[in-house]
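The values are calculated or read from the model by the stated rules, or taken from the named source; none is laboratory data. Keep in mind that what you see is a predicted model, and the values were worked out from it rather than measured. Every residue, glycine among them, receives a Cβ derived from its backbone with ideal geometry; neighbour counts consider all protein chains shown.
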Amino acid sequence: MTSPAGGAGTARAARTIAAAACAVALLAGCGPSGEDGTTPVSSAPSDSASADAGGSGIAGVSVAGSLAHPIVVIDTPLEVGETEIAVAEAGTGRPLTAGGPALLAVAGWDGNTGVSSSGGEELVPRLVDVTAEAVGETLAEYLPGVREGSRVVMAEPVDVEGAMTMQVVVVDVLPTEATEGSRPGGESPSESPSGGSSGSEDEMPVSGMPSIGTGSGGAPVVGIPSGDPPGSLVQRVVIAGGGSSVVPGQTIVMQYLAMNWETGDVVASTWADGRPSEIAVDDLAEGVRLAVLDRPVGSRVLAVVPPGLADGEHTLVVVVDILAATGGDDPVR
């Protein structure tokens with residue numbers, strides 16, 4: 001999969017990512033702290049030495065809303081000054097690394113008028129590399145060490161038709177592993193020995209399914225039982241996400257692991273590759289396509305896929321983390 005890229009200038013950071021040609025997750029709300037329910041932007045510590053937001057915050061800017069659904073209020077006109085950047089909401093997920101992958105939802109606002117320059121209230125997640133070419137120099141220096149689930153806010157001076165104004169950019173750092181959604185409790189299994197995704201909350205357990213745990217870096221650890229594999233597609237929702245359901249015609253960002261039932265060999269793994277994959281739902285192997293359809297974004301799905309719905313030769317054990325879904329009617333997470 002190719003990573004989106006664009007101009008390197010920080011003044012075009014939001015437009016660079018928004019225009020990229022690639023596009024998750026629990027909706028992590030920003031707790032209200034003011035009478036209007038907004039959260040004043042302030043500096044927050046990061047695990048990265050590069051993320052030096054100081055202690056001043058960004059005066060005149062307030063942000064509320066869940067990840068990829070920011071609500072920004074600007075005390076207009078925002079006074080033109082130097083570039084400022086801060087963590088408005090600190091996440092607890094994987095820390096980003098320089099040059100590594102990140103799933104970002106980015107939007108911009110005109111600091112003079114307070115009008116959004118991105119269009120729409122729901123942002124399209126983009127799979128990018130944390131490089132100056134992809135996100136601009138300022139963000140490329142700041143984002144390493146910022147954890148997934150965080151919201152970063154930047155204000156920078158830009159030239160608009162010969163007049164200097166401040167551009168406010170909100171960068172939501174989305175998770176790159178399955179994240180429990182609205183379903184209560186910890187692991188929330190549901191299993192279905194069917195040819196398609198049932199989407200049921202109360203599917204009956206199926207004996208002989210592989211076991212699944214979590215190893216280092218969030219990668220799944222799968223134990224394949226002895227004996228013959230099921231003869232039909234069998235699925236289990238290991239983690240139920242809180243996003244919208246995947247539908248045909250969309251493109252999804254996902255982590256996946258595929259193993260050969262007979263040998264236990266790993267056939268493919270994005271966790272081993274160190275980068276999620278982006279693919280059209282309709283281009284997935286039929287068994288995997290059926291397993292992800294109707295599943296909420298943010299889910300981890302375990303499926304045993306028979307040869308006729310896989311490569312035609314082998315039964316595969318597949319684990320998929322659905323990180324984002326775009327296209328179809330509207331972008332969803």
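Going by the structure shown, is Ala98 on the phi < 0 side of the Ramachandran plot, of a type in the set (Gly, Ala, Ser) and part of a strand (DSSP E or B)? Explain how you work it out, then say what you get.
Details: on the phi < 0 side of the Ramachandran plot: yes; of a type in the set (Gly, Ala, Ser): yes; part of a strand (DSSP E or B): no.
Answer is no for this residue.
Would you please name the residue that is modelled with the highest pLDDT, looking only at residues in region 159-179 that are in a strand (DSSP E or B) and of a type in the set (S, T, N, Q)? Give the derivation first.
So in region 159-179, the residues in a strand (DSSP E or B) come out as 159-160, 163-174.
From what's left, of a type in the set (S, T, N, Q): 165, 167.
Working: Thr165: 90, Gln167: 93.
The selected residue is Gln167.
Filter region 232-249 for residues that are among the hydrophobic types (A, V, I, L, M, F, W, C) and surrounded by fewer than 19 Cβ atoms within 10 Å (Cβ to Cβ) and give the result.
Initially, region 232-249 is screened for residues among the hydrophobic types (A, V, I, L, M, F, W, C), giving 233-234, 237-240, 246-247.
Scanning region 232-249 gives a single hit, Val247.
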Problem set entry | Test: Ser62 is in a strand (DSSP E or B) and not assigned by TED's automatic domain parsing to the domain that holds Leu323 | yes
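Conditions (1) hydrophobic (A, V, I, L, M, F, W, C); (2) touching a strand residue (DSSP E or B) at 6+ places or on another chain (Cβ under 7 Å); (3) at pLDDT 50 or above, marked per residue:
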site	(1), (2), (3)
Ser190	no, yes, no
Ser207	no, no, yes
Ile212	yes, yes, yes
Val222	yes, yes, yes
Exercise. When only residues in region 99-125 that are modelled with pLDDT of 95 or more and farther than 18 Å from Gly65 by Cβ count, which is nearest to the chain's Cα centre (by Cα)?
Worked result: Ala102
Problem set entry | Unmet criterion (only one of (1) crowded, with 18+ Cβ neighbours inside 10 Å; (2) over 13 Å from Val288 (Cβ atoms)) for Gly274 | (1)
Seminar exercise, completed: The correct count of residues that are assigned to a loop (DSSP other than H, G, I, E, B) and closer than 23 Å to Glu262 by Cα in region 284-322 is 9
Exercise. Quick check: is even one residue across region 274-285 modelled with pLDDT of 95 or more and over 21 Å from the mean Cα position of the chain (by Cα)?
Worked result: yes
Exercise. Can you name the residue in region 229-254 that is under 18 Å from the mean Cα position of the chain (by Cα) and hydroxyl-bearing (Ser, Thr, Tyr) and is also farthest from Gly298 (Cα to Cα) among such residues?
Worked result: Thr251
Exercise. Looking at region 90-102, which of its residues are in contact with a Lys or Arg (Cβ under 8 Å, 6 or more places away or on another chain) and surrounded by 23 or more Cβ atoms within 10 Å (Cβ to Cβ)?
Worked result: Leu96
